[in-house]
Structure formats: C-alpha cells, structure tokens
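Enquirer: Got a structure for you, questions after.
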Amino acid sequence: MALARILVIEDDEEVSKLEQAVLERAGYEVRVTASGVQGLELADSYKPDAVILDIGLPDISGLDVCTTLSNTTSAFILMVSGHSREQDVLLGLGLGADDYITKPFSGNELVARVASFLRRREKYLQKKDDAGVLQIGSANLVRDFHTLNYDDRTITLTALEFRLLWFLAEGEGRLLTRAQILEQVWNDTSGVPTRVVDVHIAALRKKMSEVEAPLEIASVRGIGYRLDSQ
C-alpha cells in the first residue's frame, strides 16, 4: 500500500524539520519547501494527500497559497500560524483550509490532525455508489471532479465545499446542526468555530446560484441548515 504523501510549506527551518521528522516517523512520505511558489509547483507535480501550510512565507502570502491550493487540489490543507484569534482562524478556513493549528504545537497533535483527516477521507471515498455520483433533485454531485452539475451548467467546488454539500445532500430534507456538520465535515466539534460553517454555506449558496441549480440551503436560526431540492 502506497504511503500517504504530505507536503510541508514552512520557512522556519526548525519547525519544518520537526514536522518532517514526526510525519515520517508516523509512516508518511514527506516533501518540504520554504517557498510558497515552489510549494504550488510541488503540489501540482507531487499530488500530496495533505499540505501543512504556514501563513507567513517569505515570497507570497500563505493565504494566497491556500486559495490556489483549495481550487486546484483535493488535498487536506492544515494551516499553521502564530495567531490564534478567531478572525484569523475564520479567514484561513474561509479561504479553503480544512483545519488550523497554532504555534507552538506538539508533533503528536500534528500527526493526529493529519491521521484523522486521512481516516475520514477513506470512509468518505467508500460511501455511495461506485460511480461517485450523488443525485440531488435534478442536479448531480460528481465526486471524481468535485463538481455540481445541473442541466448543461457545471461549477467546480473546493474539496471542503464538496464534502460539505455532499453531507448536506446525503441528509436532504433533514435539519443538520452545526455540531453535526463540524463533526462529519471537519471532524471537529471543539477546535473549529461554528461560524466557519456559515462562511462555507454562504460560498456554496453563491456557487449553486451560478449554475442556477434548483437547490436551496435553508437556515434554521441558532440550529443549523437543511438542503432542499425543488
């Protein structure tokens, strides 16, 4: 069985050495770069399963790297920063990061975050039909391409947006709480602010409107969301 591939984009040599050591010790294949530009090039050629991404890079902003990665790869994106303010967390997650960790952190915590995602992804890939298509009313979610298709229109979703919409679609017509969504999509009910769900729901609504999909994500104030097909 092939080793999971991890790409570390971190300009602090001491931190990157720690990350590489603990991840390799956990059985992963690891590539390291201190450059955001090179990180994007490696992501394209190396096809990592997960990216450990520092926000403060010397050449381009880690936030810009995150935005590009979220639109060009299905890899898990774990952002690393010295900031722990909620607005910083929301900004990173709103740009497409799957998870967020603040310095200083332990090697065990880093490995646990990555391992948790890889387990969740394996379960996710085993769900539903072999064709990887989930029908919602007259629209379709296509897993292999992370697209939402309706009529002759198609929109590509980020990896996180796709997982979120897929989970809502599996429970079509049923109210799902923010806690349930965080647990199933982010695999976290404590470390991620619940407002992050609202940020991604807003992004999904915008993309759904672009293809004029006959779908509606209804809000139930203070509780959560429900996906309805028309």
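Enquirer: Output the residues belonging to segment 36-73 that are surrounded by fewer than 18 Cβ atoms within 10 Å (Cβ to Cβ), of a type in the set (G, A, S) and more than 19 Å from K103 (Cα to Cα).
Expert: Result: S45, single match.
Enquirer: Considering each of I136, I155 in turn, give the residue that is surrounded by 15 or more Cβ atoms within 10 Å (Cβ to Cβ), touching a residue at least 60 places away in the same chain (Cβ under 8 Å) and in contact with a Ser or Thr (Cβ under 7 Å, 6 or more places away or on another chain).
Expert: I136
Enquirer: Just one of (1) farther than 23 Å from I201 by Cβ; (2) modelled with pLDDT under 85; (3) surrounded by 13 or more Cβ atoms within 10 Å (Cβ to Cβ); (4) among the aliphatic types (A, V, I, L, M) trips up L125, so point out which.
Expert: Only one criterion is unmet by L125, namely (3).
Enquirer: Now for a different question. Would you say L182 is free of Cβ contacts under 8 Å to residues at least 24 places away in the same chain and either in the same structural domain as M79 (by TED's automatic domain parsing) or in contact with a helix residue (DSSP H, G or I) (Cβ under 7 Å, 6 or more places away or on another chain) (or both)?
Expert: yes
Enquirer: E24 fails exactly one of the following numbered conditions: (1) under 18 Å from S61 (Cβ atoms); (2) free of Cβ contacts under 8 Å to residues at least 12 places away in the same chain. What is the number of that condition?
Expert: Going through (1) under 18 Å from S61 (Cβ atoms); (2) free of Cβ contacts under 8 Å to residues at least 12 places away in the same chain one by one, E24 breaks only (1).
Enquirer: Checking L141 against (1) crowded, with 16+ Cβ neighbours inside 10 Å; (2) without any contact (Cβ under 8 Å) to a residue 40 or more places away in the chain; (3) among the hydrophobic types (A, V, I, L, M, F, W, C); (4) part of a helix (DSSP H, G or I), which test does it fail?
Expert: With (1) crowded, with 16+ Cβ neighbours inside 10 Å; (2) without any contact (Cβ under 8 Å) to a residue 40 or more places away in the chain; (3) among the hydrophobic types (A, V, I, L, M, F, W, C); (4) part of a helix (DSSP H, G or I) applied to L141, the lone miss is (4).
Enquirer: Taking only pairs six or more apart or across chains, which ones have beta-carbon atoms under 8 Å, a first residue in segment 45-59 that is over 24 Å from D88 (Cα atoms) and at pLDDT below 95, and a second residue that is among the aromatic types (F, W, Y) and part of a strand (DSSP E or B)?
Expert: Qualifying pairs under 8 Å: D49/F76.
Enquirer: For segment 181-196, indicate whether the set of residues that are among the hydroxyl-bearing types (S, T, Y), within 23 Å of A115 (Cβ to Cβ) and surrounded by fewer than 20 Cβ atoms within 10 Å (Cβ to Cβ) is non-empty.
Expert: yes
Enquirer: Also: Taking only segment 151-160 into account, find how many residues are farther than 13 Å from V211 by Cβ and of a type outside the set (S, T, Y).
Expert: Residues in segment 151-160 being farther than 13 Å from V211 by Cβ and of a type outside the set (S, T, Y): 2 in total.
Enquirer: If Y100 meets every condition in (1) at pLDDT 90 or above; (2) buried (at least 23 other Cβ atoms within 10 Å of the Cβ); (3) of a type in the set (S, T, Y) apart from one, which number is that one?
Expert: (1)
Enquirer: Then there's this: Select from segment 1-21 the residues that are of a type outside the set (V, I, T) and in contact (Cβ under 8 Å) with a residue 40 or more places away in the chain and list them in ascending order.
Expert: Passing the criteria: A4, R5, L7, E10, D11, D12, L18, E19, A21.
The values are calculated or read from the model by the stated rules, or taken from the named source; none is laboratory data. Everything numeric here is computed off the predicted structure, so don't read it as measured data. Neighbour counts run over all protein chains shown; Cβ positions are idealised from the backbone, glycine included.
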